[in-house]
1. Restricting attention to the stretch 89-103, report how many residues are part of a helix (DSSP H, G or I) and within 16 Å of the chain's Cα centre (by Cα).
2. Among (1) farther than 17 Å from Val141 by Cβ; (2) within 16 Å of the ligand (Cβ to nearest atom); (3) not β-branched (Val, Ile, Thr), where does Cys86 come up short?
3. Restricting attention to the stretch 171-187, and to residues there that are over 19 Å from Ala139 (Cβ atoms) and surrounded by fewer than 20 Cβ atoms within 10 Å (Cβ to Cβ), which single residue is nearest to the ligand (Cβ to nearest atom)?
4. Specify the residue that is farthest from Glu95 (Cα to Cα); the eligible residues are those in the stretch 2-20 that are touching a residue at least 40 places away in the same chain (Cβ under 8 Å), within 14 Å of the ligand (Cβ to nearest atom) and not basic (Lys, Arg).
5. Scan the stretch 156-169 and give yes if some residue there is over 16 Å from the mean Cα position of the chain (by Cα), over 22 Å from Asp228 (Cβ atoms) and more than 16 Å from the ligand (Cβ to nearest atom), otherwise no.
6. Check every one of the helices (runs of 4 or more DSSP H) wholly within the stretch 188-251 and list those with 1 or more residues that are of a type in the set (Gly, Ala, Ser), within 15 Å of the ligand (Cβ to nearest atom) and closer than 28 Å to Gln18 by Cα.
7. Given the criteria surrounded by fewer than 18 Cβ atoms within 10 Å (Cβ to Cβ), of a type outside the set (Ser, Thr, Tyr) and either touching a His at 6+ places or on another chain (Cβ under 7 Å) or closer than 22 Å to Thr45 by Cα (or both), does Lys238 qualify?
8. Take the residues in the stretch 94-108 that are within 18 Å of Ala157 (Cα to Cα) and surrounded by 15 or more Cβ atoms within 10 Å (Cβ to Cβ); name whichever of them is farthest from the ligand (Cβ to nearest atom).
Amino acid sequence: MRKPLIAGNWKMNKTVEQARLLVSEMVPELHTVDVDTVLCPPFTTLMAVSAMLVGTRIGLGAQNLHWEASGAYTGEVSPQMVAELCQYVILGHSERRTYFGETDTTVNKKVKAALGVGLTPIVCVGETLEENEDKQTAAVVSRQVKVGLAELTTEQAMKLVIAYEPVWAIGTGRAATAAGANAVLADVIRPVLAEMFGKPASESIRILYGGSVTAANAAELFAQPDIDGGLVGGASLKSADFIKIVKAALS
Ligand code: PEP
């Protein structure tokens, strides 16, 4: 049985004061809910949010890290620095691939570095609209998984989480259909994981769906057999919506 996981990707939103307010609205509703819930706010708010999550069941994640342990990498944050405050880290988000030149190879370096310090990577994969229209979804997502998770042991692979986020669904209000998203997980991602790490591992690794998840569509998405929860962007910035989405993963 895979336990549901809901992660909120705040992207580049919220000052420390705003973050404190949002978390104060969420914690009373979520801290006892039996769903692995993770907040991924910006780096500058991690310390404040971490203090508020002590003693709750809510986890904390960063949105990126650099693979090197330390050194002359102005503007970057190391795996160890993230691990001081967080349990999770989002890696390979499509916005990082599109705007900051991340590739499957750099994602792979980050995944290994994150696992090396005990973080749980949430590894994002997903095809663009053009790739989708060209019927390249299976090829693109397979490549992203194969290269992004290359050279991991089965034991390491079983510690991470994958998020299937079709790029055309992120922030567009146009989510994939529940059946369509489930098919990519069941027919593409899990078979690739089985090839790489064996069938038992492929059945135990959690795979989330991300892309315009809302309080209205969450239950249908999470009811799919292969969808183990969600990576939620816009709706994670509104406490009432995020709380409904987390609770939708219970049923
Ligand atoms: C995301 O940022 O990972 C995401 C899925 O965004 P949204 O929910 O806003 O589409």
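Read the figures in this text as sums done on the coordinates, not as results from a lab. These numbers come from a predicted model, not from an experiment. FYI the Cβ positions are ideal-geometry reconstructions off the backbone, even for glycines, and counts take in every protein chain you see.
1. Quick first cut of the stretch 89-103, residues part of a helix (DSSP H, G or I) only: 94-99.
Now narrow it down to the ones that are within 16 Å of the chain's Cα centre (by Cα): 94-97.
Qualifying residue count, the stretch 89-103: 4.
2. Every listed condition holds for Cys86 apart from (2).
3. Residue satisfying both the conditions and the ranking: Gly171.
4. Among those that are touching a residue at least 40 places away in the same chain (Cβ under 8 Å), within 14 Å of the ligand (Cβ to nearest atom) and not basic (Lys, Arg), it is Leu5.
5. No, the conditions are met nowhere in the stretch 156-169.
6. Working: elements: 190-197, 199-204, 218-222, 239-248.
Filter on the stretch 188-251 gives 218-222, 239-248.
7. Details: surrounded by fewer than 18 Cβ atoms within 10 Å (Cβ to Cβ): yes; of a type outside the set (Ser, Thr, Tyr): yes; either touching a His at 6+ places or on another chain (Cβ under 7 Å) or closer than 22 Å to Thr45 by Cα (or both): yes.
Criteria met by Lys238.
8. So in the stretch 94-108, the residues within 18 Å of Ala157 (Cα to Cα) come out as 104-108.
Okay, now just the ones that are also surrounded by 15 or more Cβ atoms within 10 Å (Cβ to Cβ), so 104, 106-108.
Numbers: Asp104: 18, Thr106: 18, Val107: 15, Asn108: 20 Å.
Taking the candidates together, the pick is Asn108.
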